[in-house]
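Have a look at the structure below before the remarks.
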Amino acid sequence: MLDELAKIRENALARLKGIKTEEELDALNTEILGRNGALTAILRTMGKLSPEERAELGKAANSAKQALTAAIGERRSSIAELIESVKNERERIDVTLPGITGTPMGKLNPLTTVYREIRDALIGLGFTTFEGPEIEYDDYNFTKLNLPLDHPARDMQDTFYIDEKTLLRTHTSPCEARALMTLEPPFRLVIPGRVFRVDEPDASHSPVFMQMEGLVVDKDLTFADLKGTIDTFVKAVFGENVRSRLRPSFFPFTEPSAEVDISCTICGGEGCSSCKGTGWMEIMGCGITNPHEIENCGLDPKEWKAFAFGIGIDRVACLKYGINDIRLLYEGDARFLKQL
C-alpha cells in the first residue's frame, strides 16, 4: 500500500507540470483526491489493516494529500496569473502609438441616395421642395382630394387613425391640397416624405415607406406636358436608354389618370424574371388633377390646371440596387449598407 501511495503521489506531481488549464487541473484533482479518487480508494482499505499498519499508512496518506493539495493550489495560482497576463496583454493600449489612419466612413442608405437623385432631377426641371406634416387632418388626406366618405381607403384596416379627424397620412398628396390653398400659382413642387398604411411587414410591404410627389399648377396645361415631364424625369433618374410609357388607370384625385411603366432596368426591355417577361416595370401613378380637387382648395378649375405624379422611393431603390426585401432599407444593418 505504501508503494502504491508513493506511485500515486509521484505520478500526480509529474502530471501537474504539464497541466495548462483549470479544466485539466480540476480533472486531476477529482481523479486523485475526489470521493472516488485513487488516494481515497487506498484510505478505504485501512480497515483491513492492523493498528500499526493503519497508523503508518494513515500518516503517509495525510502527507501525500497535503503535498498534492498544496501543489495543485500552487499550479492553480500560476495558471490564473498566466490567464490574467494574457488578458492584460491583449487589452493593452500603447498611448504613444500614432492614430490609426483610414478610418472607414459610413455609407448612405439607398433611400437617401435615391431620394436625392429624384429630388435633384426634378429641381433641374424647375421644381422646388414643399413639405407637409406627417400627422394630417382627414379633410386634407381624403376630402379635399375628392375621396368620398364611403371610399375604401378611409377604412380602419388601411389607415392609422389618431381620432375621428386626424390620422397618419397615407400618401404625400395632402401636401397638394395645402399647396393649392397657400401658394400663389403658377408653381412646380416636389413633395417628399414618409407615409403610413396599415400593412403587415414582408419582403415587399411596410407600414412605413417613402414617397416623392410632383405637382405642377399653371394655365393651359395638357396631358402632353405631363408625358414630357415624366419622360424627362425617368431618363434623368434611370438613364437615357430607359423608355417610359403610360397606361390608363384611375385615381380619385386625377382625371384622366395613368400608371407609368419604364423599360426593365435589368434586361433592357428584352424580358426577364424581374419584369415577368414583359420588358416593362411599373414605377408610379400620375394624371391631370381632378377639377373637383382644384375647386375644393379654393381655385377656379376653369382658370388653373394641374398635373401630379407620385413615386415610391423604396420601390425605386429596390429596382436600382437589386434589393429583394424592402425591410433591409429600414434595419440599418451596416453589413447590408457596406455592400452598396
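The values are calculated or read from the model by the stated rules, or taken from the named source; none is laboratory data. Everything numeric here is computed off the predicted structure, so don't read it as measured data. Glycine also receives a Cβ, built like all others from the backbone with ideal geometry; neighbour counts cover every protein chain displayed.
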Qualifying positions in segment 251-268 - under 30 Å from residue 151 (Cβ atoms) and polar (S, T, N, Q): 254, 257
Subset of segment 13-41 (residues that are among the aliphatic types (A, V, I, L, M) and touching a residue at least 24 places away in the same chain (Cβ under 8 Å)): 13, 16, 19, 25, 28, 32, 33, 38, 39
Condition met for residue 317 (closer than 18 Å to residue 259 by Cβ and touching a residue at least 40 places away in the same chain (Cβ under 8 Å)): no
Qualifying residue in segment 40-53 (condition: among the charged types (D, E, K, R), in the same structural domain as residue 68 (by TED's automatic domain parsing), assigned to a helix (DSSP H, G or I) and closer than 27 Å to residue 81 by Cβ): no
Where residue 298 falls short, out of the listed (1) surrounded by fewer than 15 Cβ atoms within 10 Å (Cβ to Cβ); (2) in contact with a helix residue (DSSP H, G or I) (Cβ under 9 Å, 6 or more places away or on another chain); (3) free of Cβ contacts under 8 Å to residues at least 60 places away in the same chain: (3)
Selection count where residues are surrounded by fewer than 14 Cβ atoms within 10 Å (Cβ to Cβ) and of a type in the set (A, V, I, L, M), scope segment 88-122: 6
Residue that is within 30 Å of residue 225 (Cβ to Cβ) and among the basic types (Lys, Arg), where the choices are 76, 92, 116: 116
Strands (runs of 3 or more DSSP E) lying entirely in segment 204-263 (those with 2 or more residues that are without any contact (Cβ under 8 Å) to a residue 60 or more places away in the chain and either farther than 20 Å from residue 116 by Cα or outside the structural domain of residue 123 (by TED's automatic domain parsing) (or both)): 244-251, 254-263
Residue satisfying all of: in segment 16-41; surrounded by fewer than 15 Cβ atoms within 10 Å (Cβ to Cβ) and touching a Leu at 6+ places or on another chain (Cβ under 9 Å); farthest from residue 57 (Cα to Cα) among these: 20
Scan of segment 188-203 for residues that are outside any strand (DSSP E or B) and crowded, with 18+ Cβ neighbours inside 10 Å, ordered by number: 197
Hits in segment 70-87 - residues which are loosely packed, with under 11 Cβ neighbours inside 10 Å and among the hydrophobic types (A, V, I, L, M, F, W, C): 70, 86
Residues within segment 272-295 that are among the polar types (S, T, N, Q), surrounded by 17 or more Cβ atoms within 10 Å (Cβ to Cβ) and part of a loop (DSSP other than H, G, I, E, B), tallied: 1
